[in-house]
Amino acid sequence: MAPGLSVLIPVFNCDVNELVDSLLAQQTAWPGPVEILLFDDGSAENIRTLNRPLAHRPGVRYQELPHNVGRAAIRNRLAAAAQHEWLLLLDNDSLLPDAQFLARYAAARHRAPVLIGGTCYTTLPPTDPALHLRWYYGQAREARASAARQQQPHTQLTINNALVQAGILAQFPLDEQMNGYGHEDTKFGLALAAAGIGVFHLDNPVLHNGLEPGASFLSKSEEAVRNLVQVHGHNGASRHSRLLRLALRLRRLGVATAAQALLAAAEPRLRRNVLSARPSLRAFDLLKLSWLLKQL
């Protein structure tokens, strides 16, 4: 019997009907049985009302958790509940780019036990200026072709749009001690690298549909910097983070305190820039460096 596929979607304050409809329309492209697991991680009641009818769709399992357990824990619970040999991890604000999404994964699944499809963004920026920071960042830093990602396969790994053999995620569950947003996939990738587990990148992106306002993205990015400090020292994580390498170099040179003071004084101006209609990613990087120097 052909190996089955479990699609794992943690749901938090997002209508996933369009995503689920697209997946159901493509399920015959996978050679074995397909199930879609939706675990709601403490969404508002109006969102739950929108998504509850999906429980009646064939092949869909919908469950509501009584309270929010977090990004890593919800994915570990989904993986533990999955019935099939392959797990496809998708964020709830993703959309499929075309009708061949599952077919491309099915054709590539023999390449490695972990496959990463990537992320793409709309060609034009959103009309709402509040969303520009997230769009510019995604276009410049996240929407990378597979050839570029494959140069450093384990450090370019993202758990959104990842096809993983179930045994791999059982052996290397996501770290639930990392609170907040960011870098649980960094630690996962480093663990795979240390174990010699292959990662293959392909051009099979999902469209990031749920752009968030700049202020919210800034808050999440500050959480991610705190998590980066947690990852620091884990299997040489500093070698793979340009931001962390720079901060550690400043500290070795004895100028970290002075740099942090200068950046702290500049933070109001940097924030105004990144929250403007034309944000500078250089200003955003300086903000993150300021946050990181405070943590080290």
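The values are calculated or read from the model by the stated rules, or taken from the named source; none is laboratory data. Since this is a predicted model, take the numbers as computed values, not measurements. Note that we place each Cβ from the backbone using ideal geometry, even for glycine, and neighbour counts take in every protein chain shown.
Things to note:
- Residue within the range 59-72 that is closer than 21 Å to Leu115 by Cα, hydrophobic (A, V, I, L, M, F, W, C) and out of contact with any Cys (no Cβ under 7 Å at 6 or more places or on another chain) present: yes
- Qualifying residue in the range 116-139 (condition: out of contact with any strand residue (DSSP E or B) (no Cβ under 9 Å at 6 or more places or on another chain), within 27 Å of Gly167 (Cβ to Cβ) and at pLDDT 95 or above): no
- Residues in the range 91-123 that are aromatic (Phe, Trp, Tyr) and farther than 21 Å from Asp15 by Cα: Tyr105 alone.
- Conditions (1) touching a strand residue (DSSP E or B) at 6+ places or on another chain (Cβ under 7 Å); (2) surrounded by fewer than 17 Cβ atoms within 10 Å (Cβ to Cβ); number of the one not met by Val164: (2)
- Condition check for Arg48: basic (Lys, Arg), within 30 Å of Ser276 (Cα to Cα) and in contact with a strand residue (DSSP E or B) (Cβ under 9 Å, 6 or more places away or on another chain): no
- Out of Asn235, Asn209, Asn227, one residue alone is in contact with a His (Cβ under 6 Å, 6 or more places away or on another chain), polar (S, T, N, Q) and either under 23 Å from Gly70 (Cβ atoms) or at pLDDT below 90 (or both). It is Asn227.
- Matching residues in the range 28-52 - criterion: being in a helix (DSSP H, G or I) and under 23 Å from the mean Cα position of the chain (by Cα): Ile47, Arg48, Asn51
- Restricting attention to the range 189-206, the residues that are aromatic (Phe, Trp, Tyr) and modelled with pLDDT under 90 total 0.
- Boolean, Ala148 is in a helix (DSSP H, G or I), in contact with a Leu (Cβ under 8 Å, 6 or more places away or on another chain) and surrounded by fewer than 17 Cβ atoms within 10 Å (Cβ to Cβ): no
- Residue list for the range 25-50, restricted to those being of a type in the set (A, V, I, L, M) and in contact with a Phe, Trp or Tyr (Cβ under 6 Å, 6 or more places away or on another chain): Leu38
- Taking the listed residues Leu190, Leu133, the one that is within 21 Å of Arg282 (Cα to Cα) and outside any strand (DSSP E or B) is Leu133, with no other qualifying.
- Qualifying residue in the range 53-68 (condition: of a type in the set (S, T, N, Q), within 21 Å of Ala170 (Cβ to Cβ) and assigned to a helix (DSSP H, G or I)): no
- Candidates in the range 259-291 are the residues that are small (Gly, Ala, Ser) and over 18 Å from Leu131 (Cβ atoms); of these, the one that is surrounded by the fewest Cβ atoms within 10 Å (Cβ to Cβ) is Ala265.
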